[in-house]
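Written out below as structure tokens is the structure these notes cover.
The values are calculated or read from the model by the stated rules, or taken from the named source; none is laboratory data. As the structure is a prediction and not an experimental result, all values here were calculated from the model. Counting neighbours? That spans all protein chains shown, and the Cβs are built from the backbone with ideal geometry, glycine included.
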Amino acid sequence: MMQTWLLPEYIEDILPPEARRIESLRRRLLDLFHVHGYHQVIPPLLEYLPSLLTGTGHDMDLKTFKVVDQLSGRMMGLRADITPQAARVDAHLLNRDGVVRLCYAGSVLHALPDGMMQTREPLQIGAELFGHAGLESDVEIQQLMLKAFRKIGVQDVHLDIGHVGIFQALMERGGVSADLEAALFQALQGKDIPSIAELAQGLDGVLRDAVLLLPQLYGGMEILERAQQNLPAFPEIRRALDDLRSISSRVSGMVAGVAFDLAELRGYHYHSGVVFAAYLPGQAQAVAKGGRYDEVGSVFGRARPATGFSMDLRVLCRALGPAEAVPGILAPFAEEDAALEEKIEALRNQGEVVVVNLPGHDSQRGELNCDRILVLRDNNWQVEKI
């Protein structure tokens, strides 16, 4: 007999005090975004499937739960990413000509987990900037992400930066077929050197050498110099390398380290320029991801330059270590005691947790997580340590 209280695989409850910490992180980060001019939106969890998937690539299709709308008969999807929804809001509902800054926080659902230890229900929070194509907006978004880490006390952040325009330029200039481009993309994502070498055999010498070099171009500033010397002198590649240098100079003082990965093609069919990911020591999974995605808005009828980032509140909470409950003050139950009620409300208005001990539950006082108690001394209610 199936146990009805069990949850699906990679789905879990969030219990106190972790739930309290996650909610605190959400509020602090949204307040940070607010003072930087980012306006909060709350898109729906459920949308028609084309709106969620158009322009986002095959990976998002595999991640999306699909259901049939009982009212219209159309296919609907449970969002796997809020970023495309923000792009739809910018394109259709706000419809402004200038720069638009949006932020959001909410659950997303993944049909498949990103890894063995990953949840299928991330609590996504992020910020998106629409309407500016310059490097300045890429820098603003990355600096905002790094300020978010500082705001919540996450230390030793390492930033990996890449640029999908380098691989795009090689494929377009070399006239590579769509099938071969897709195969090379998959091999580069897995850093599968033998497969890359096999796939690149039919390319001309310069292009083949460049493709084989890409997986080796990971490291510090010296990587950009090596790329400058060894990759073809295409204008697109030169601009991409200059952009990476400029961004590094603006954000390097805010992180423990900056690395460049010129074979990082995450979201290749979704992103259009600079991509980045933030890591913490000892963690294989990124704690935040982002990049430029100028083409997504075009599927909603308005081609708008865009850049942004998102992070998972669950991951951020774990990065801060075990959450501990805030101890409270135990108050006795007393009917029609105005002085006691006034004291309790005064303490709560000061931010204290005050728990009233209901009649018949004295034996369970240890479960209430109180380290102080309200006692009556000389006709005054006072707080004393337990």
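Quick notes on this structure:
- Residue match in region 258-281 (condition: surrounded by fewer than 15 Cβ atoms within 10 Å (Cβ to Cβ) and either over 18 Å from the mean Cα position of the chain (by Cα) or of a type in the set (V, I, T) (or both)): no
- Qualifying residues in region 248-261 (those that are in contact with a strand residue (DSSP E or B) (Cβ under 6 Å, 6 or more places away or on another chain) and outside any strand (DSSP E or B)) - the one nearest to A303 (Cα to Cα): S248
- Looking across A87, A91, A80, A111, one residue alone is crowded, with 21+ Cβ neighbours inside 10 Å, touching a residue at least 24 places away in the same chain (Cβ under 8 Å) and outside any helix (DSSP H, G or I). It is A80.
- Subset of region 210-227 that is within 14 Å of A169 (Cα to Cα) and free of Cβ contacts under 8 Å to residues at least 60 places away in the same chain - its residue that is surrounded by the fewest Cβ atoms within 10 Å (Cβ to Cβ): L214
- Condition met for A233 (within 25 Å of A178 (Cα to Cα) and in a loop (DSSP other than H, G, I, E, B)): yes
- Residue within region 333-342 that is in contact (Cβ under 8 Å) with a residue 40 or more places away in the chain and more than 22 Å from C103 (Cβ to Cβ) present: yes
- In region 114-130, the residues that are among the small types (G, A, S) and surrounded by fewer than 18 Cβ atoms within 10 Å (Cβ to Cβ): G115
- Tabulated pairs, region 15-33, first outside any helix (DSSP H, G or I), second aliphatic (A, V, I, L, M) and crowded, with 16+ Cβ neighbours inside 10 Å, C-beta under 9 angstrom, 6+ apart or interchain: P16/A323; P17/A323
- Here D242 does not fit the description of being of a type in the set (D, E) and either in the same structural domain as P17 (by TED's automatic domain parsing) or buried (at least 20 other Cβ atoms within 10 Å of the Cβ) (or both).
- Reported count of residues in region 364-384, each being closer than 15 Å to V326 by Cα and either among the small types (G, A, S) or outside any loop (DSSP other than H, G, I, E, B) (or both), is 7.
- Any hit, region 64-73, residues being assigned by TED's automatic domain parsing to the domain that holds S24 and under 20 Å from F309 (Cα atoms): yes
- Which listed residue is within 20 Å of P122 (Cβ to Cβ) and either β-branched (V, I, T) or not assigned by TED's automatic domain parsing to the domain that holds Q228 (or both), from V354, V315: V315
- Where A334 falls short, out of the listed (1) surrounded by 12 or more Cβ atoms within 10 Å (Cβ to Cβ); (2) among the small types (G, A, S); (3) within 20 Å of S24 (Cβ to Cβ): (3)
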